[in-house]
Amino acid sequence: MHLTLDLESEAAMDNILEVKDLRVSFKTFFGEVEAVRGVSFNVPRSKTVAIVGESGCGKSVTANSIMKLLPDPPAFYKGGSILFEGEDIVKKTDKEMRNIRGKSISMVFQDPMTSLNPTMKVGKQIMEGLLKHENISKEEAKKRAIEILKMVSVPKAETRIDQYPHEFSGGMRQRVMIAIAMVMNPKLMIADEPTTALDVTVQAQILDLMKKLQNEFGMSIILITHDLGVVADMSNMVEVMYAGQIMEEGTTDDIFYNTKHPYTRKLLASLPRLDMDRNNKLQAIHGTPPDLYIPPKGCPFYERCDEAMVVCKDHPAPISEHGKGHLCRCWLYDENMPKEGTWNL
Ligand code: SF4
């Protein structure tokens with residue numbers, strides 16, 4: 001059984017993307033790093049799925065695998081499939097991927113400062129995709145680029161289209177990134193930490209803009225983030241990732257109000273809350289994620305888990321269901337586990 005939402009019976013929730021048992025590794029001088037280890041999840045049409053977890057847990061590798069943007073070598077697909085509208089992206093050639101990227105699936109990268117080309121005017125960067133994928137003149141492409149800049153609320157779009165990225169503020173640069181991602185009206189947008197480099201006010205504006213564009217165009221979004229506040233605000237479903245695996249998945253309400261996995265609980269406990277007693281300290285998750293050169297045999301969270309049991313160390317945790325589509329990878333919920341006593345460390 002894979003950690004995946006069973007949505008097959010719900011025709012209304014058809015999926016634009018189905019990731020099944022995805023395995024991605026990196027060949028390095030010291031050996032193989034298993035960065036993504038059997039990840040499965042679905043993205044329903046017009047919905048937002050958030051992938052959350054600490055740095056290094058495999059979120060961005062998963063996102064880049066969907067776009068086939070990982071350099072091969074050292075990265076390689078070890079197994080599984082990524083079905084986009086029923087077609088396996090893993091099997092696509094570079095040429096086929098060039099027709100999918102930007103047009104059907106687009107990506108907003110985390111740092112607009114380094115993701116935009118500093119030597120090209122922003123208008124040219126927005127027009128690039130249009131000129132490549134659509135049979136239109138430069139004048140028509142420029143008109144569309146100005147329209148999209150206005151749509152993402154860049155003031156004086158007619159003038160700013162001829163400016164370079166360094167002439168824009170951080171928030172405005174991120175709007176340009178979103179304009180580039182949106183200009184072809186993609187079916188799926190992958191936003192990899194889209195607001196990490198921005199201050200909170202600008203962050204709220206960018207998130208509102210993404211929601212507005214999603215409502216207008218009906219695209220699906222995969223939101224990669226470590227910020228649970230952003231997740232609560234934006235997503236319909238959440239995948240909690242750790243050490244290259246999905247630990248818990250469910251609706252946003254499942255994850256926030258019916259939390260099952262000890263790792264998710266710890267992530268939530270590390271968040272500041274408005275109703276928190278000011279004398280209470282925020283909880284840190286002690287320790288570090290495991291070394292994926294030698295992935296642990298059992299539960300990867302074993303070394304950091306307050307509820308760890310003997311069985312967790314060497315045996316992969318089973319997946320249990322806690323309501324429709326709410327799944328958790330943890331020994332605590334195995335039906336054969338004794339409720340008390342001897343199994344605890
Ligand atoms: Fe903790 Fe064991 Fe559950 Fe892993 S399987 S999260 S170690 S209780």
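The values are calculated or read from the model by the stated rules, or taken from the named source; none is laboratory data. Not measured: the values here are computed from a predicted model. In this analysis, Cβ positions are derived from the backbone assuming ideal geometry, glycine residues included, and neighbour counts consider all displayed protein chains. Ligands, DNA and RNA are stripped out before the accessible areas are found, and what is left, the full protein with its side chains, is counted by its heavy atoms. Shrake-Rupley method; radii C 1.70, N 1.55, O 1.52, S 1.80 Å.
The table below lists the values:
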{"read-out": "Flag if Pro112 is surrounded by fewer than 20 Cβ atoms within 10 Å (Cβ to Cβ), over 19 Å from Asp291 (Cβ atoms) and not β-branched (Val, Ile, Thr)", "value": "no"}
{"read-out": "Residue match in region 74-85 (condition: over 30 Å from Arg173 (Cα atoms), open to solvent by 50 Å² or more (accessible area, probe 1.4 Å) and in contact (Cβ under 8 Å) with a residue 60 or more places away in the chain)", "value": "yes"}
{"read-out": "Unique residue being open to solvent by 80 Å² or more (accessible area, probe 1.4 Å), in a loop (DSSP other than H, G, I, E, B) and more than 13 Å from the ligand (Cβ to nearest atom) when the list is Leu282, Leu271", "value": "Leu282"}
{"read-out": "Residue selected from region 290-313 under the condition within 11 Å of the ligand (Cβ to nearest atom) and among the acidic types (Asp, Glu), by the criterion most open to solvent (accessible area, probe 1.4 Å)", "value": "Glu303"}
{"read-out": "Set Val61, Val19, Val39, Val43: member being touching a His at 6+ places or on another chain (Cβ under 9 Å), buried (at least 20 other Cβ atoms within 10 Å of the Cβ) and not in a loop (DSSP other than H, G, I, E, B)", "value": "Val39"}
{"read-out": "Yes/no for Gly287 being small (Gly, Ala, Ser), touching a residue at least 12 places away in the same chain (Cβ under 8 Å), open to solvent by 20 Å² or more (accessible area, probe 1.4 Å) and more than 16 Å from the ligand (Cβ to nearest atom)", "value": "no"}
{"read-out": "Residue within region 117-127 that is among the charged types (D, E, K, R) and more than 26 Å from Asn215 (Cβ to Cβ) present", "value": "yes"}
{"read-out": "Subset of region 230-264 (residues that are in contact with a strand residue (DSSP E or B) (Cβ under 8 Å, 6 or more places away or on another chain) and aromatic (Phe, Trp, Tyr))", "value": "Tyr263"}
{"read-out": "Matching residues in region 296-329 - criterion: being in a strand (DSSP E or B) and farther than 21 Å from Val39 by Cβ", "value": "Met309"}
{"read-out": "Matching residues in region 253-268 - criterion: being open to solvent by less than 40 Å² (accessible area, probe 1.4 Å) and among the aromatic types (Phe, Trp, Tyr)", "value": "Tyr263"}
{"read-out": "Every residue from region 320-336 that is more than 14 Å from Thr259 (Cα to Cα) and either within 11 Å of the ligand (Cβ to nearest atom) or at pLDDT 95 or above (or both)", "value": "Trp331, Asp334"}
{"read-out": "Candidate set from region 165-179 (those that are without any contact (Cβ under 8 Å) to a residue 40 or more places away in the chain and closer than 23 Å to Lys211 by Cβ); member that is most open to solvent (accessible area, probe 1.4 Å)", "value": "Ser169"}
{"read-out": "Checking Pro262 against (1) more than 12 Å from the ligand (Cβ to nearest atom); (2) under 22 Å from the mean Cα position of the chain (by Cα), the condition it does not meet", "value": "(1)"}
{"read-out": "Verdict on Glu303 being under 26 Å from the mean Cα position of the chain (by Cα) and at pLDDT 90 or above", "value": "yes"}
{"read-out": "Pairs where the first residue, in region 135-164, is basic (Lys, Arg) and the second is not in a helix (DSSP H, G or I), C-beta under 6 Å, 6+ apart", "value": "Arg160/Val154"}
{"read-out": "Tally of residues being surrounded by fewer than 21 Cβ atoms within 10 Å (Cβ to Cβ) and outside any helix (DSSP H, G or I) across region 117-153", "value": "10"}
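Quick grid of which residues meet (1) without any contact (Cβ under 8 Å) to a residue 40 or more places away in the chain; (2) within 16 Å of the ligand (Cβ to nearest atom); (3) assigned to a loop (DSSP other than H, G, I, E, B); (4) in contact with a Phe, Trp or Tyr (Cβ under 9 Å, 6 or more places away or on another chain):
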| position | (1), (2), (3), (4) |
| --- | --- |
| Ile206 | yes, no, no, no |
| Leu209 | no, no, no, no |
| Asn215 | yes, no, no, no |
| Ile224 | no, no, no, no |
| Val240 | no, yes, no, yes |
| Glu248 | no, yes, no, yes |
| Phe256 | yes, no, no, no |
